[in-house]
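Written out below as structure tokens is the structure these notes cover.
The values are calculated or read from the model by the stated rules, or taken from the named source; none is laboratory data. Quick caveat, the model's predicted, so the values are computed rather than measured. Cβ: placed from backbone, ideal geometry, glycine included. Neighbour counts: every protein chain shown.
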Amino acid sequence: MKKQLMVLAAASVLTFSQFVAPALTIDNVQATTQETNNMKKKSKGYKPTAANEPIKVEGKKTDKQYKNTQEEIVKAKEGKVSVSDKKPVHIADASKKYAKGELIVKFKRGNGPSSIGTAGRALELKSQKTFKTSGAHLYTFNASKKSVDEAIKTLKATGAFEYVEPNYIVKATTISDPLYSNQWGANNTGQAIQGWTGLNGFDIDAETAWGKTLGDSSLVVGVIDTGTDINHPDLADNIWTNSGEIPNDGLDNDGNGYIDDVNGWDFYYADNSVYDYSWEDGHGTHVSGTIAANDNSIGVRGIAPNVKIMPLKFLGGYDGSGYTSDAILAIEYAKAKGVKILNNSWGGGEYSTALKETIENSGTLFIAAAGNDGTNTDAYPEYPASYDSDNILSVGSADNDGFRSWFSNYGVNTVDVFAPGGDIISTVPKEDSALDYSAAYGYKSGTSMATPHVSGVAALIASHSPSLTPLAIKSTIMQTSTEYNSLYYYSQTGGLINAGKAVGYSPDNDIPGLPLSGQHTAGTLHATEDLDDVFAVTLDAKEKIKLDLTGASGTDFDLYLFNPAAQTVHTSQNIIAYSEQAGTSTESIEFIAPHDGTYYIDVYAYAGNGSYDLHVVQGAQAGAYENTAYELNYTNRHYPNICYGGYCDWTLVNDSLASGGNYATMNDSEKTVKFAFYGKGIKYNAIKGSTNGIAKVTIDGQYEYFVDLYFSTTAAATVFEKTDLEPGRHTFQIEWTGKAGNGGRKTATNVTLDTLEVIGEQTETVVEDDNANVKYGETWSKATSSTYSGGSLAYINKTGASATFKFNGTGIKYYALKSRNYGFVDVYIDDVKVETVNLYSSASKYKQLVFEKNDLTAGEHIIKIISTGTKDPSSTSTNINIDNFIVLNAGTSIKIEDNDPFMKYVNTWLNASNTVYNGGTLKYTNIANSSVEYTFNGTGVAYYTSQASSYGQANVYIDNNLVDTVDLYNKPTKHKAKVFESASLVPGNHTIKIVHTGLKNASSSATNITLDYLEIKN
């Protein structure tokens, strides 16, 4: 049933599929031309008279000036805006088509810079680049002394050159789309739009970007919005097609839970029609056209006219609203299809942790409209744009006259960039009564219209530089934005996006660099062409960081750490640690930050060119840390910058019971101790006693625990232990509560600290070939010998034969026998082919490491080994084998989903899909004696599922022994509930079996049983 009749009531009625209630709305503003112009004039508070002194805006492709408000003029004169003192780069003469102050020259054979003498000095010539293929050079000169024509005449007169010519500005091929002249956001010539005269040059410089790329046709931008008219002739060729789906066969061919999702999905109506009504789907169609309207001599041209649009509809009805739950599903759909750029021209819901986490885990650049309330979102947040998530790029709207749109939200902390959003022409659906699409174009205004300009630029960047991560694309867009006085106080960048600069830009060449992401970073450097890769890392005071660099053979790369005051890595100023080993790229730095801040890592190519690997560990690593250790950050919140006695008035007490002979104590609400560590757990050791009370312990700023330090006599003890954290960086803080412990008097409230122990990661876990978690797709043979790891080896000689192993960790090693009768295997990680491995060797080699992947994100992964049926020419056979695997940094548990291929179901179990289930799916049955079993290797297993008023009872067997009968009845409904756990099994292979009893609780209305997932303990 269509949902449009339910829209008004939906916000107050929660259904199973709409468990998050706040309504989200599209984010555009429409008004008549006269109303818009009047509002613009009123909001800007000025008339273009001679009384307004012009302020020059540099850094654009034109050196035209524009008028600013009197308030902005005053700010500029007071030096509050440092825009006009920047050196213009590639600024075109108004009447020419070349860069000011630049020439391309080629010397005659036998001549060089010394041949031109005083002429070169008079022009202040400086060499910028050498073109290797032609031997020509790019020179700059002082444009205030001579024009380009005059400089050419001067240099030609020396007789030293084969040629001297301007640095001409080239543009994309002639644009034939008839409405392109109205697209001021791409090219603002000062043309009047909807009766409002524009500012010449105030645009995103799209034509320069198009000279580099029009977008890669394989790149997909997800449009999470209303529907999109996919039959529009300006969009039809650029709509994404799901290659894994067979159209209109009524089947879910790609197994993603959506039937016939050929061009995306409609989460609003829960069907595969991504376009429903012209009156309902105009917003998404307009947005899509701005991103990717085709370059086809029809209508308009998108910012990235060659890329594909994935329509993901979740807004609808007459009010254009939708639900957070559907937005989450749309984001998850895009993630599953590998989309890296998402356009989100919507907002208005309350703060949703579920939505925020989904965005952060999406692996995308989430480009979001800042909102149209005309308010400061630093004070009044607009979600999702205002979430502080690294991968969100928040966009405000600017008008064609160079000012912030009157309706646009703003905020120096919560809005990242501005883009054209006022009076934007783009595609709209064809009216039902129209004969064709000739009139299917229209103007809209809003941050909704600004956002797709940014998404289009992101798509161009990704097309030109496909190795850039979503965070690197965000950094590129922000770093290349052009500052304007009129926008300076309204966003983090204070400017308008600049596609011309952004496409081809290298954001890692200097500060602020790229945000450091993960423990492992790889890249390439060239000692003459690409000297620096810069990364930004945020460190807490007293936090330890360890940097280890390795590089390709023949390279000499060095490693530097700059302090937060650094402005550039191109001088030695503000270097606080470095490693410069001669003739090698093996470098290492250990550093403890003296104070909070963003520090900058510079990998520098001193000599050679090639690849490098940078390994970064933040926080104190495994080991015991005394209370006097430098890594412990004692603080006094009342005096945050002063720590008397080195411990912020914590007192050191000598005591033979304490490790190291002393412990620290305090009895003050202003005092804390903070500690950053790297590992999977921590122990807090303290001295308990009769004067001590309750301490508050916080992990990662969100998980709070209260620890009782009271004891009738003095004793040393481990008072808190947490060992099941995700391996990685964590923070630990101890605070005073002023509360007495159990049995203590009211004044007994001291807090003590003896030592902190960091529990490191389990570095390597061996998994033998006969481990139950290694699943073989065919019948493999087994060989036994003491020369094999664990005494056995699995082998097979069948093309396509496979073995799969699901593991939890940050890496995997594959060991095998290499011999003269073995062939090739393909190795896949998480369904992506990584390498083809040759198992041939002229002499037998046992326990050989044949494959390693050590840079995975911590969590669950799958390695799959597949026989190619091919071999080395010298090999006598195409056999393949597995000796063992080694999991790096193994986690403590692994989740096995209900749809895992090695779950063995008996009788009919049905599938339910919803985001409330782990992994989005759940199995259920109402047939007595139906069962499911799973064989695993570990020390424990837990059974998680949903409980509801219509569920019955299940028997749980471990290794064929009935160990429990679990009741799945509950009112109200609970999801991801742990209903059974066996935590003390003997290490080894075990089988869990869940059987439908046909029985139920007297209060239950049915006997259904369900399975969401199993958790296997290592």
What residue, of 667, 692, 633, 654, is in contact with a helix residue (DSSP H, G or I) (Cβ under 9 Å, 6 or more places away or on another chain), among the polar types (S, T, N, Q) and modelled with pLDDT of 90 or more?
-> 654
Please enumerate the residues belonging to the range 586-614 that are assigned to a strand (DSSP E or B) and either aliphatic (A, V, I, L, M) or touching a Lys or Arg at 6+ places or on another chain (Cβ under 8 Å) (or both).
-> 588, 589, 590, 591, 592, 601, 603, 605, 607, 614
Specify which of the listed residues (475, 465, 486, 448) is in contact with a Phe, Trp or Tyr (Cβ under 6 Å, 6 or more places away or on another chain) and assigned by TED's automatic domain parsing to the domain that holds residue 338.
-> 486
How many residues are in contact with a helix residue (DSSP H, G or I) (Cβ under 7 Å, 6 or more places away or on another chain) and either surrounded by 15 or more Cβ atoms within 10 Å (Cβ to Cβ) or aliphatic (A, V, I, L, M) (or both) if we restrict to the range 968-1018?
-> 2
Got a sec? Which of 230, 152, 204 is touching a Phe, Trp or Tyr at 6+ places or on another chain (Cβ under 6 Å) and of a type outside the set (Gly, Ala, Ser)?
-> 230
Of the conditions (1) at pLDDT below 95; (2) surrounded by fewer than 20 Cβ atoms within 10 Å (Cβ to Cβ); (3) more than 30 Å from residue 615 (Cβ to Cβ), residue 824 fails just one. Which one is it?
-> (1)
Note on the range 704-752: residues surrounded by fewer than 16 Cβ atoms within 10 Å (Cβ to Cβ), within 22 Å of residue 670 (Cβ to Cβ) and hydrophobic (A, V, I, L, M, F, W, C) are 706
Quick count over the range 122-156, residues being in a loop (DSSP other than H, G, I, E, B), at pLDDT below 85 and at negative phi, is 4
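Each row is one residue, and each column tells you yes or no for (1) among the hydrophobic types (A, V, I, L, M, F, W, C); (2) at pLDDT below 90.
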{"residue": "489", "(1), (2)": "no, no"}
{"residue": "501", "(1), (2)": "no, no"}
{"residue": "504", "(1), (2)": "no, yes"}
{"residue": "514", "(1), (2)": "yes, yes"}
{"residue": "527", "(1), (2)": "yes, no"}
{"residue": "530", "(1), (2)": "no, yes"}
{"residue": "535", "(1), (2)": "yes, no"}
{"residue": "546", "(1), (2)": "no, no"}
From the residues in the range 297-328 that are over 30 Å from residue 212 (Cβ atoms) and among the charged types (D, E, K, R), which one is surrounded by the fewest Cβ atoms within 10 Å (Cβ to Cβ)?
-> 319
Evaluate the range 577-584: report whether one residue or more is in the same structural domain as residue 397 (by TED's automatic domain parsing) and in a strand (DSSP E or B).
-> no
Has the range 145-165 got any residue that is farther than 30 Å from residue 105 by Cβ and of a type in the set (Asp, Glu)?
-> no
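To keep it simple, each residue is scored yes or no on (1) in contact with a Pro (Cβ under 9 Å, 6 or more places away or on another chain); (2) at pLDDT 95 or above.
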residue	(1), (2)
366	yes, yes
376	no, yes
388	no, no
392	yes, yes
416	no, yes
426	yes, yes
441	no, yes
Only one of 846, 917, 840 is among the hydroxyl-bearing types (Ser, Thr, Tyr) and modelled with pLDDT of 95 or more; which?
-> 840
The number of residues in the range 831-865 that are under 21 Å from residue 766 (Cα atoms) and part of a strand (DSSP E or B) is 17
Test: residue 394 is assigned to a strand (DSSP E or B), hydroxyl-bearing (Ser, Thr, Tyr) and in the same structural domain as residue 269 (by TED's automatic domain parsing) | yes
Only unsatisfied item for residue 801, checking (1) within 13 Å of residue 884 (Cβ to Cβ); (2) in contact (Cβ under 8 Å) with a residue 24 or more places away in the chain; (3) not polar (S, T, N, Q), is (1)
When (1) assigned to a loop (DSSP other than H, G, I, E, B); (2) touching a residue at least 60 places away in the same chain (Cβ under 8 Å); (3) surrounded by fewer than 24 Cβ atoms within 10 Å (Cβ to Cβ) are applied to residue 422, the one that fails is (3)
Pairs with Cβ under 9 Å, 6+ apart, first in the range 830-851 and at positive phi, second modelled with pLDDT of 95 or more and outside any strand (DSSP E or B) = 847/883
Sole residue being in contact with a Gly (Cβ under 7 Å, 6 or more places away or on another chain) and either over 20 Å from residue 806 (Cβ atoms) or in contact (Cβ under 8 Å) with a residue 60 or more places away in the chain (or both), chosen from 951, 1013 = 1013
Got a sec? Which helices (runs of 4 or more DSSP H) wholly within the range 445-506 have at least 1 residues that are of a type in the set (Phe, Trp, Tyr) and under 20 Å from the mean Cα position of the chain (by Cα)?
-> none
Do we find a residue being closer than 19 Å to residue 279 by Cα and either part of a loop (DSSP other than H, G, I, E, B) or aromatic (Phe, Trp, Tyr) (or both) anywhere in the range 403-419?
-> no
Report whether or not residue 882 is of a type in the set (A, V, I, L, M), under 29 Å from residue 517 (Cα atoms) and surrounded by 17 or more Cβ atoms within 10 Å (Cβ to Cβ).
-> no
Is it the case that some residue within the range 428-447 is out of contact with any Cys (no Cβ under 9 Å at 6 or more places or on another chain) and over 27 Å from residue 297 (Cβ atoms)?
-> yes
Subset of the range 489-506 (residues that are surrounded by fewer than 19 Cβ atoms within 10 Å (Cβ to Cβ) and at positive phi) = 504
Of all residues making up the range 784-795, the number that are more than 20 Å from residue 988 (Cα to Cα) and either aromatic (Phe, Trp, Tyr) or buried (at least 21 other Cβ atoms within 10 Å of the Cβ) (or both) | 1
What number of residues within the range 507-534 are under 15 Å from the mean Cα position of the chain (by Cα) and surrounded by 19 or more Cβ atoms within 10 Å (Cβ to Cβ)?
-> 4
Over the range 908-926, the set of residues surrounded by fewer than 16 Cβ atoms within 10 Å (Cβ to Cβ), in contact (Cβ under 8 Å) with a residue 60 or more places away in the chain and not in a strand (DSSP E or B) is 919
If you check residue 362 against the conditions, is it assigned by TED's automatic domain parsing to the domain that holds residue 214, in contact (Cβ under 8 Å) with a residue 40 or more places away in the chain and crowded, with 21+ Cβ neighbours inside 10 Å?
-> no
